[in-house]
Amino acid sequence: MDLFNQTDLFSTDEIHKTTFDLPGADITLFENFFTTEESNRLYNSLLKHTCWGQDAMTIYGKKVNLPRLTAWFGDTDKTEPYAAFNRKMLPWNPDLILIKERVEEEVNVKFKRCLLNYYRDGKDSVDWHQDYEENQRKNTVIGSVTFGATRPFQLKHVTRNDLGRIAIPLAHGSLLLMQGATQNNWKHKIPKTTKQIQPRINLTFRWIE
Ligand SMILES: O=C(O)CCC(=O)C(=O)O
Ligand SMILES: [Mn+2]
């Protein structure tokens, strides 16, 4: 299935790097970080071979399913608390090792784990949040890789409303690096949309225990 072939005559598979000048953030986008051919293969393979699970959150004593499917991978098979839920962490597989090593070439860290999110359609989303625990957010690295539909990655500063919202479109084969104190100063989300869109897979590589 080649759903995400670029049809634009002028587009190429060249990596395009953009840095965002936002206060208290260190964010770089690499478009075409993976070629269209690699991205199509990885999208299909991850979609088919990942053991996708339905996590839930408890809100006011009521169990509510997260609006997306997830899977955790990492260095060990320790359980990882996430969104008030314990999901088993699965060992790395060849697709994830390939992606992880390519991302690691751009940053001076070795990632310890990765959260996969599968957004089946426009109703799937992730609400405003910051990554990592509160006491860890001042110096972190997140490597966020997208395959499938382009969705806007919205950012808003934790305290400064005057800065407004920023939306970075994360396209098939892109890498978004968030470093330094980004998680401490900015929240992010993937909003829902009523548009008919293709599914999307996002991988966030993390390095703190
Ligand atoms: O899907 C995305 O681009 C973001 C996912 C995310 O923020 C998370 O899993 O923490
Ligand atoms: Mn996040």
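What follows draws every value from the coordinates through simple rules; no lab data is involved. Quantities reported herein were computed from a predicted structural model and do not represent experimental measurements. Cβ: placed from backbone, ideal geometry, glycine included. Neighbour counts: every protein chain shown.
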Inset, instruction - Would you give the gap between the C-alpha center of the stretch 113-183 and the C-alpha center of the stretch 15-61, rounded to a whole Å? - result: 9
Legend entry - Choice from Leu22, Leu42, Leu177 showing the highest fluctuation, given a GNM over the chain with Cα pairs closer than 10 Å: Leu22
Legend entry - Residue-wise HN-Hα coupling along the stretch 195-201, computed from phi with Karplus coefficients 6.51, -1.76, 1.60 (Hz; x: Gly, Pro): 5, 6, 10, 6, x, 9, 10
Legend entry - Charge dipole magnitude, Cβ of K and R +1, D and E -1 - the chain, Cα centre, debye nearest 20: 980
Legend entry - ³J(HN,Hα) computed for each position of the stretch 95-109 - Karplus, 6.51 cos²θ - 1.76 cosθ + 1.60, integer Hz, glycine/proline x: 4, 5, 5, 4, 5, 4, 5, 5, 5, 5, 5, 8, 10, 8, 9
Inset, instruction - List the residues whose amide H sits under 5 Å from the amide H of Val126, counting only those 5 or more places along or on another chain, with H placed 1.01 Å from N in the peptide plane. - result: Ile190
Legend entry - Rounded FRET efficiency, nearest 0.05, which uses the C-beta distance separating Arg165 from Arg41 and R0 of 25 Å: 0.15
Inset, instruction - Report the extension gain between Trp128 and His49 in nm, rounded to one decimal, defined as 0.36 nm multiplied by the number of residues separating them, less their alpha carbon distance. - result: 25.6 nm
Legend entry - Shape category assigned to the chain from the gyration tensor of Cα positions, a/c cut at 1.5: rounded
